[in-house]
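J.: Structure in structure tokens, see below.
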Amino acid sequence: AKLNAPAYTKAKLAVEKANKAIREHSMVFKGKQANPAVFDAYLLMARAQMLMGLDAPASEALNTVARLSGRAEQQLEAELERTELLARQGNASLAEPLLYEVDRKGVPKKWGYWVQRIRGRMAISEQDWPAAAEARTKASQLAPKADLRARYAFLAAQLYEKASEPDRARTLYEACLKAQPRDYAMLLEAQLRRSLNGGGVSPKKRYQELHELLRELLL
């Protein structure tokens with residue numbers, strides 16, 4: 001987020017509040033943190049720092065949770081966040097073994113889409129567009145909410161276009177539309193790009209699709 005932008009200001013405030021919570025509510029006995037809420041504060045702080053572009057301190061905060069939290073699911077959440085941070089930085093060589101270890105421990109079904117999202121990021125960093133599109137497709141299928149299913153399907157479709165697979169791109173744009181994206185710009189672009197992809201679609205059907213899009217724009 002840009003300096004002075006609303007998102008940056010909110011993230012900065014979140015970091016300040018998290019730091020205050022850690023300072024004021026820390027309860028260390030025999031070298032162990034006895035207040036689990038402190039680790040929630042570390043997670044909040046790390047996510048806010050990532051929004052601010054402060055990747056190094058964010059990674060440190062996530063590492064603290066992964067090493068010291070007494071809750072296995074919270075440790076796993078921190079490890080997934082840290083792995084995705086590395087993948088986003090384009091460091092697939094470090095992200096891959098971390099993701100393998102997380103997978104080995106077992107990931108709850110509710111986070112299956114998150115694992116696929118990370119795999120997609122790693123593939124993008126290596127410019128493996130088919131693998132990235134496949135991972136985004138799986139993320140869309142596993143996502144728990146319709147808006148996430150729409151978003152990941154839309155991203156998968158774009159990646160299939162980049163991989164020169166127009167038929168699969170069309171299928172994913174259709175999946176995006178079926179999930180009814182909340183973002184109106186995404187809805188319109190998905191409608192348009194669905195019609196521009198797919199070699200086996202009849203001219204009549206393409207005309208109908210474009211006519212529907214025109215009507216949408218004129219509403």
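The values are calculated or read from the model by the stated rules, or taken from the named source; none is laboratory data. From a predicted model like this one, the values you see are computed outputs, not experimental measurements. Neighbour counts run over all protein chains shown; Cβ positions are idealised from the backbone, glycine included. What goes into the accessible areas is simple: the full protein's heavy atoms, side chains included, and nothing from ligands, DNA or RNA. Shrake-Rupley method; radii C 1.70, N 1.55, O 1.52, S 1.80 Å.
J.: State the number of residues belonging to the range 138-160 that are in contact with a helix residue (DSSP H, G or I) (Cβ under 9 Å, 6 or more places away or on another chain) and open to solvent by 50 Å² or more (accessible area, probe 1.4 Å).
T.: 7
J.: Can I ask one more? Please specify each residue of the range 53-85 satisfying the condition of being surrounded by fewer than 16 Cβ atoms within 10 Å (Cβ to Cβ) and either in contact (Cβ under 8 Å) with a residue 40 or more places away in the chain or within 16 Å of residue 116 (Cα to Cα) (or both).
T.: The one that is surrounded by fewer than 16 Cβ atoms within 10 Å (Cβ to Cβ) and either in contact (Cβ under 8 Å) with a residue 40 or more places away in the chain or within 16 Å of residue 116 (Cα to Cα) (or both): 53.
J.: Determine which member of the set 135, 175, 169 is within 22 Å of residue 91 (Cα to Cα) and either part of a helix (DSSP H, G or I) or open to solvent by 20 Å² or more (accessible area, probe 1.4 Å) (or both).
T.: Result: 135 is the single residue among 135, 175, 169 that is within 22 Å of residue 91 (Cα to Cα) and either part of a helix (DSSP H, G or I) or open to solvent by 20 Å² or more (accessible area, probe 1.4 Å) (or both).
J.: Quick check: anything in the range 86-94 under 24 Å from residue 48 (Cβ atoms) and either surrounded by 22 or more Cβ atoms within 10 Å (Cβ to Cβ) or at pLDDT 95 or above (or both)?
T.: yes
J.: With respect to residue 182, determine if the residue is basic (Lys, Arg), open to solvent by 80 Å² or more (accessible area, probe 1.4 Å), within 24 Å of the chain's Cα centre (by Cα) and modelled with pLDDT under 95.
T.: Taking the combined requirement at face value, the residue satisfies it.
J.: In the range 161-169, is there at least one residue being free of Cβ contacts under 8 Å to residues at least 24 places away in the same chain and more than 30 Å from residue 78 (Cβ to Cβ)?
T.: Yes.
J.: Sticking with this one: Among the residues of the range 185-206, how many are within 16 Å of residue 137 (Cβ to Cβ) and either surrounded by fewer than 15 Cβ atoms within 10 Å (Cβ to Cβ) or at pLDDT 90 or above (or both)?
T.: 3
J.: Further question: Kindly list, by first and then second residue, each pair from a residue in the range 4-25 that is over 14 Å from residue 48 (Cα atoms) to a residue that is not in a helix (DSSP H, G or I), limited to pairs with Cβ atoms under 6 Å and residues at least 6 apart or on different chains.
T.: 25/35
J.: Of all residues in the range 151-208, which are under 23 Å from residue 113 (Cα atoms) and of a type in the set (Val, Ile, Thr)?
T.: 171
J.: Here are some conditions: (1) modelled with pLDDT of 90 or more; (2) part of a helix (DSSP H, G or I); (3) open to solvent by 50 Å² or more (accessible area, probe 1.4 Å); (4) not aromatic (Phe, Trp, Tyr). Residue 7 meets all but one. Which one does it not meet?
T.: (1)
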